[in-house]
Structures are given as C-alpha cells and as structure tokens.
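Just below is one structure, and these are the notes that go with it.
The values are calculated or read from the model by the stated rules, or taken from the named source; none is laboratory data. As the structure is a prediction and not an experimental result, all values here were calculated from the model. All Cβ positions, glycine included, derive from the backbone under ideal geometry; neighbour counts span all protein chains shown. Accessible surface areas use protein heavy atoms only, side chains included; no ligands, DNA or RNA. Shrake-Rupley method; radii C 1.70, N 1.55, O 1.52, S 1.80 Å.
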Amino acid sequence: MNTMTIGRRLLLFFLFFSGACVAQPFKQVEPIQLNDYQVYPINGLDNIEPSGLTLKNGTLYTVGDKHRAIYRLDIKNAAAWLHKEVTLDPERDLGVSALDLEGITTVNGDFVLVSEAHHRLIYVNNAGQLRWLPEHGDDLYRSAFEAGLLQLHNAGLEAVTYLGGQRFLVAAERQPRGLIALEFDSELTTIQSQMNQIMRNSRQHLHGRHPDLTGLFVHEGQVFGLQRNAYVIHELTPADNGQYLEGQAWSYEHIVRNPKYAYSDMQFGHAEGLAVDDENFYLVLDNNRIANGKNPNDKRPLLIIAKRPVLNRGD
C-alpha cells in the first residue's frame, strides 16, 4: 500500500469518525408547494448578479458578486428596483481590489458580507468602513479546508447569517456542501471557536446536480437554508451534537420553471439569496446574464416573494 493510499484512508477515517460528516438517509421528501407568490424583475443596474439577500428593519438588501456596493431593493410598479445604499472601498479599507461578494447579513444594524475570494467575512459599519472578520490571518479557511470543506475553486463560502451572541453560520457551497459555525470574541475580531460540518448528501431531488447550499437566514431562532440545485428552501435543525440536519422543506420549482419566468438555460439552479419573515420567503436569482426563455432581450435577475405555509406540527 503506497503512502498516498494510506493518506486517503486516514482522511476518510477522520471525516467519518470526527463528527465532521453528518450522513443523512436518502429518502424522498414531499415539499409543501408555494401557491401564493409574486415575481419581480430586478431593475436599476443592468449587469447586477445578485448573490445574497437579507432583511434590515423590514427592507431587503442585496449584494452582487462583481459589485462594490450594498443595494436596497424597493418594490414599485410591478418590479424590484436597486438603490445603492452603501459604497464599498476595499482598496482603502482592506488593501485588496477583488472581493467576490456572495452573502450578506445584519449585526446590530450593521452589515456583514461574505468574500469568497478571500474566504473571510467583512464587517461594514454605518459609515461604510470595512474590516475583516477575523481581523488577522486565514484561520477560518485553514480550519475548514483541513476538515474537508472549501476544496473547489469558485465553490467556497457562499452565504452567512448572524445567530446572535457573536455567533455566525456560514455556508460552504458545494463539492462538498457544508456549514461553518463561528463564535467570535466580544469585539468581533478573533474566532474563539469553529465547527466545520460536511453535508455530503441531501434529502431532496437534485435533478442530477450536486447538493449545494447557497443561502442562509435565521428567523425567530429557526435557521433556513436554500438548496439552489434542488429548488428547495428547508429548515436546518441542530442535532444533539450541535451539527445541522435538513428539516421541513418547501419547493419553489414550479415558480422558476413557469414558462413566464424560466430562463433559456436551466441546466443549473439560479437562486443565491434567501430571507425570511413572519409571512414570506424572499429569494433572489442570479441568472448570470442568461436571457428569459420567451424574451431574449430580457436578461434581468428576479426577486421572488412567496407566502410561507402555515405549519401544523401537532404541538
């Protein structure tokens, strides 16, 4: 047996017995269909590719992976309109040019963003000033990579939500998908603890695609995840060991496959941002400038607002 084979077996042993890999049974889940929804084309910036979504004081905010700004989304005249809320200057504040923003959340009125290019979070205060989270080093990336996450270029950190108490939950997109739970010090500068979880399989129908995780949002203590390649929003419920399992699921496939809204290329899913409140699910679709299937001149991304079903858990 050569050294490489031994190394691979040791890695597999570590992943399955360290608790880093949660195996979930493959079983078909019948998601609750969303029957009450509105779809809005996103106007205001021709080349925007929305890659995250959050709610702040009842208002929707998004970021684009190629843009240096945080945008407010206002609904008017049957469309969603982008308005630049915060201009970002990464050269001035961080000493870098590229960010590749892939997620957004709020912390005590400020914003925290995901930079996939740097495998770090970015804190944005009300004055628009930026700082890294963690402040120094690549601790987040190194720990996640050694646990088996963030193995593939352009499939790394993808979403973030703030759990309160200096705790964040971050999504690793795919191959493998997973979750990274972070707890920072009181000043939000240094990681105090990090839990890395690989979620290799899925309870959802994946249409021959890789399981992924492209959006996260916490509402009233419940974490919700967005699985783009399965057209599904699902609860993420912590198990006894602190890791997360897929819970109740809702499908939005019938919305994005509706000929009125479907894009000309549906090989992969497009939803990249999720927000939740008492009444609705909110989704933004990054169509990568792919045209609407019925109108080749319409390359706008979409905002979906879908009524949340009322759950009867038998409580």
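Could you grab me the full set of residues in region 208-222 that are open to solvent by 10 Å² or more (accessible area, probe 1.4 Å) and either part of a strand (DSSP E or B) or in contact with a helix residue (DSSP H, G or I) (Cβ under 8 Å, 6 or more places away or on another chain) (or both)?
Hits for region 208-222 are Arg209, His210, Pro211, Phe217, Val218, His219, Gln222.
Is it true that Leu283 is open to solvent by less than 40 Å² (accessible area, probe 1.4 Å), more than 19 Å from Ala171 (Cβ to Cβ), at pLDDT 95 or above and not hydroxyl-bearing (Ser, Thr, Tyr)?
no
Would you be able to say whether some residue in region 236-254 is part of a loop (DSSP other than H, G, I, E, B), modelled with pLDDT of 95 or more, out of contact with any Asp or Glu (no Cβ under 6 Å at 6 or more places or on another chain) and surrounded by 16 or more Cβ atoms within 10 Å (Cβ to Cβ)?
Scanning region 236-254 turns up no residue that is part of a loop (DSSP other than H, G, I, E, B), modelled with pLDDT of 95 or more, out of contact with any Asp or Glu (no Cβ under 6 Å at 6 or more places or on another chain) and surrounded by 16 or more Cβ atoms within 10 Å (Cβ to Cβ).
Of the numbered conditions (1) outside any strand (DSSP E or B); (2) closer than 28 Å to Leu45 by Cβ, Asp278 satisfies every one except a single condition; which is it?
Of (1) outside any strand (DSSP E or B); (2) closer than 28 Å to Leu45 by Cβ, only one is false for Asp278: (2).
Can you name the residue in region 74-88 that is open to solvent by 70 Å² or more (accessible area, probe 1.4 Å) and not β-branched (Val, Ile, Thr) and, of all such residues, is modelled with the lowest pLDDT?
Residue satisfying both the conditions and the ranking: Asn77.
How many of the residues making up region 175-203 are of a type in the set (S, T, N, Q) and within 15 Å of Tyr162 (Cβ to Cβ)?
Summing the residues that are of a type in the set (S, T, N, Q) and within 15 Å of Tyr162 (Cβ to Cβ) in region 175-203 gives 1.
State whether one or more residues within region 123-132 are open to solvent by less than 10 Å² (accessible area, probe 1.4 Å) and touching a residue at least 60 places away in the same chain (Cβ under 8 Å).
For region 123-132, residues open to solvent by less than 10 Å² (accessible area, probe 1.4 Å) and touching a residue at least 60 places away in the same chain (Cβ under 8 Å): absent.
Which numbered condition in (1) closer than 20 Å to Leu245 by Cα; (2) of a type outside the set (Phe, Trp, Tyr); (3) open to solvent by 10 Å² or more (accessible area, probe 1.4 Å) is the only one that Ala144 fails?
The single condition Ala144 does not satisfy is (3).
If I filter region 173-207 down to residues being of a type in the set (S, T, N, Q) and outside any strand (DSSP E or B), which single residue comes out as surrounded by the fewest Cβ atoms within 10 Å (Cβ to Cβ)?
Residues of region 173-207 of a type in the set (S, T, N, Q): 175, 186, 189-190, 192-194, 196-197, 201-202, 204.
When the remaining residues are screened for being outside any strand (DSSP E or B), the result is 175, 186, 189-190, 201-202, 204.
On the way: Gln175: 14, Ser186: 9, Thr189: 14, Thr190: 14, Asn201: 17, Ser202: 23, Gln204: 20.
By that ranking, first place goes to Ser186.
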